[in-house]
Structures are given as structure tokens and as C-alpha cells.
Amino acid sequence: MCQDCGCSLNGPAQRLAPLHRPETQTLPLLQSLHLQNQAVADDIRNHFAQHQVLAINLMSSPGAGKTTLLEATLAQLASEFRCAVLEGDLETDLDAQRIRAQGVPALQITTGNACHLDAQMIKDALEQLDLANLDIVFIENVGNLVCPASFDLGQHANVILLSVTEGDDKPAKYPVMFRAADLVLISKIDLLPYLGDFDPARAEAFLRRLASQAPVMPLSARQGEGLETWFGWLRDQRRSVQTTLAAQSA
Amino acid sequence: MHEFSLCRALLGQLERLARDQGAAQVIRVTLRVGPLSGAEPKLLRDAFPLASEGSLAEGAELVIETVPVLVYCPACQTDSEASPNDLRCRRCGAADTQLRGGDELLLVSADLRTEPAIQT
């Protein structure tokens, strides 16, 4: 019996036989494994754009101060922009509670064992938000410097926090994450005097080695230092979302 | 460990392809994975058998091609190999290089087994 398809022809006769059809075929594909996530993320991005909503994906290791930064940001900007927050965590809605305490709508996405948010989770959560009544959506990703980098959520910009307690070599250790940054915030700089071994310039040098042009802003969400620069960046981003839409519809 | 999620996405793609092609089984899957893709070949290999259980790709051979990190330097107009955490041009040291390869996470090909056309 033929080894390829199980027909009864053997040897050279196979080549001539119309009955013989090889049963395996190699299908050339060259398609991204992110195909599906990407399609959903593109939908989300369009959805945000239609409503002129700026979407920011905040990423960092656990405890770098994402929620604290959001609290400080919303305290200042909630009167200027209509904001909402999507909180990604493995468990609990503690972070969402902290945001709601500011009078800002927050949706908790509990990922269970998943170490990252993906586009579908964002799409599902957005069904509960009325984008027509929003200006900025902050997505607080799961605290993790590895996995979230691989999943487009339809955001306009990735903002990565690097807290001074983590060490200035993080961009060299997590190149995939830091390469994805549109902005790097060096957080908790009020602690710098107590550490002594975190050099913001060294952190930035490691980031530049990744061919990244992302601006680096040192700040302290608790003490307020550097926050104005961050707010200014957010205002610029929001303006550019509006300008883009205006240009498209012109 | 997001490799399991990636494998599940891969399985979705494979099942769709197999259905479109009328294939009964996926027998080999070839991926191309770069060091800057965010995916770890070893973890993909570990996750694939679990993710493919009960699917048309159960038992399929997983082939992973790895590729180097390549950057193009606009200043000296050359391509050079780089390490994942140092994308500077090897020749002139410029930091504003463009990534030419190394972030791939691609399904290169799938070998499908179709039902024999004629059984004897």
C-alpha cells in the first residue's frame, strides 16, 4: 500500500496513477500568531477614534505605583477630562475601588490566572462604558513586565512605569516590554535619596540602547514632583487624537 | 506565561485553516520566533501539547525556527546583528537603528493531512 495516502498503488506507478492523491500538504502561511488579537485591537482602536477618546495602556511590574499615579492623575484631570479606568488584576477589585473613590468610573477585569490583558477582555469591558461621554480611558494592565507587552489592546500609547526601587537596569532585562513604550515614567523619585543606587540617567541609557525614542519623565505621584510634565503629555496626546479625527473627516 | 494563550490563538488559526482546506488533521506546525517576540520557544513547546489536546492538531509536530535580531543603521546604511537588549549599530554605535528582524512570531506553515480521496 502507498505510504502517503493509503491507495493501493506502489512504487513508480504512483506518479502516473490518477487515483493517487498524496494526503498531506504543506500550507505556506506566514501569518502572525497575534492575528486574532490584532483584529480585535484594531476594532477597539477605531471605536476609540470615532469617539475621540484617548486610550492609555499603563504597564509596569507589580507595585510600581500605577494605581497611585492614576489617583494623582485623576485628582487633577478629572475636572478637565471625562475619564474612565479599566483595571486589570488577577484577583480582587481593590484597585477599582480606589479609582471609584475619586468619583471616576472604574471597571475591574479580573483575569484569573492570566498574566496579561488581551484585546477581547477590553472589548467586553468597553461594552459597559459609553465612549460618547468620555475623553480618556486608562487601562491599568496586570502588573508584569513580560506578558502584557505582547498584546495590543487598541490603545494609542503604552506608558511604562519604572519605579526607582526596582533598579535602573530593568530596560536591559525586559527589552520586549521597554521597546513597546511610548513614554517611560520613572516613579517614586521621592525615594531616590534613600536608595542611592538608582541612576535615572543609567535607566535612560539602557532604554536608548533599545533604539527607543520614548521620552523619560521622572515623577513622584505622592509628592507631586514631575506630575505637571506628565499631565502636559496627556493633554498633548488627547489633542492629537482629536486632530487626527478632524483631519480624517476633513 | 502567556505562551499558553499564544498556543490557544495558534490552535484557533490551525483549526480554521484545517476546516477551510477540508483537512482531517494537522501533522506539523512550523513557527518562526524571534528573541524580541516576547515568546519563549521552550515554553511554546511545553504549552503546545496541552493547548492542542482534543483538537485537529493534537499530536502534531511543532517546529520552531529561531531567527536573530537584525537592525538597520540609517547612518552607515548597514544591517547588523544585535542582541535583544542592545540594538545599537555594531559598526558605528548609533542608537537610532531600525529593527529589521527578531520580533517575529509567525505561523510559517502547516502540514495538513486530508482524508484519502479513494480508500481501497
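The values are calculated or read from the model by the stated rules, or taken from the named source; none is laboratory data. Source: prediction; values computed, not measured. Here the Cβ positions follow ideal geometry from the backbone for every residue, glycine too, while neighbour counts run over all protein chains shown. SASA here: full protein model, heavy atoms, side chains in, ligands and nucleic acids out. Shrake-Rupley method; radii C 1.70, N 1.55, O 1.52, S 1.80 Å.
What average number of partner chain Cβ atoms lie no more than 10 Å from the Cβ of the residues making up A:143-152?
Working: counts 0, 1, 0, 4, 7, 2, 4, 8, 4, 0.
The shielding value for this peptide is 3.
If the segment from residue A:26 to residue A:80 were pulled out straight at 0.36 nm per residue, it would be longer than the present Cα-Cα gap by 13.8 nm. Once you have a ≥ b ≥ c as the square roots of the Cα gyration tensor eigenvalues for region B:1-59, tell me rounded if a/c is under 1.5, and otherwise prolate or oblate according to whether a/b is larger than b/c. Prolate, since a/c reaches 1.5 and a/b exceeds b/c.
For the set A:173/B:42; A:188/B:42; A:123/A:173; A:66/A:173, the pairs lying more than 29 angstrom apart at their alpha carbons are A:188/B:42; A:123/A:173. Springs join every pair of Cα atoms under 10 Å in this Gaussian network model of chain A, and among A:60, A:212, A:163 the largest mean-square fluctuation is at A:212. In a fully extended conformation the segment linking residue A:194 and residue A:113 would gain 25.6 nm over its present Cα-Cα distance, using 0.36 nm per residue. Using the rule -39500 (n - 2.57) for each DSSP H run of four or more residues, divided by the residues of chain B, the 222 nm mean residue ellipticity is -8500 deg cm²/dmol.
From Cα pairs below 8 angstrom and at least 6 apart in sequence, can you work out the relative contact order of chain A, rounded to a whole percent?
That works out to 21 percent.
Sorted from longest to shortest, the spans of the Cα atoms of region B:28-120 along the three principal axes equal 66, 28, 12 Å.
Atom-type composition of the exposed protein surface of the protein assembly as shown places 49 percent of the accessible area on carbon and sulfur (1.4 angstrom probe).
Is the C-alpha gyration tensor of region A:87-126 telling us rounded, prolate or oblate? Criteria: a/c under 1.5 is rounded; beyond that, a/b larger than b/c is prolate, otherwise oblate. Spell out each step's value before the answer.
Working: a/c = 3.43, a/b = 1.50, b/c = 2.29.
Cα axes put region A:87-126 in the oblate bin.
Checking the a/c ratio against 1.5 first, then a/b against b/c, what shape does the Cα gyration tensor give for region A:110-250? Cα axes put region A:110-250 in the prolate bin.
Take the accessible area of B alone and of A alone, subtract that of the pair with a 1.4 Å probe, and the total buried over both chains is about 3400 Å². Rg over Rh for the protein assembly as shown works out to 1.06, using Cα positions for both radii and the Kirkwood form for Rh.
Here the contact order of region A:83-171, divided by its residue count and restricted to Cα pairs under 8 Å and six or more residues apart, works out to 33 percent.
Paramagnetic label reach from residue A:245 (point 7 Å along Cα→Cβ; backbone nitrogen cut-off under 16 Å): within region A:40-56, residues A:43-56. Once backbone amide H atoms are built at 1.01 Å from N, residue B:25 has B:113 as its partners under 5 Å, excluding neighbours fewer than 5 places away on the same chain. Roughly what angle does helix B:3-21 make with the longest principal axis of chain B, taking Cα atoms, 0 to 90 degrees, to the nearest 10? The angle comes out at about 50 degrees.
Between residue A:169 and residue B:75, what's the calculated FRET efficiency when r is the beta-carbon distance and R0 is 25 Å? Round to 0.05.
So, using R0 = 25 Å, E works out to roughly 0.40.
For region A:102-228, the relative contact order works out to 21 percent when only alpha carbon pairs closer than 8 Å and six or more residues apart are counted.
Along chain A, counting only GluC sites (Glu not before Pro) with a DSSP assignment other than H, G, I, E or B and at most 16 other Cβ atoms inside a 10 Å radius, the longest segment between sites is A:128-224.
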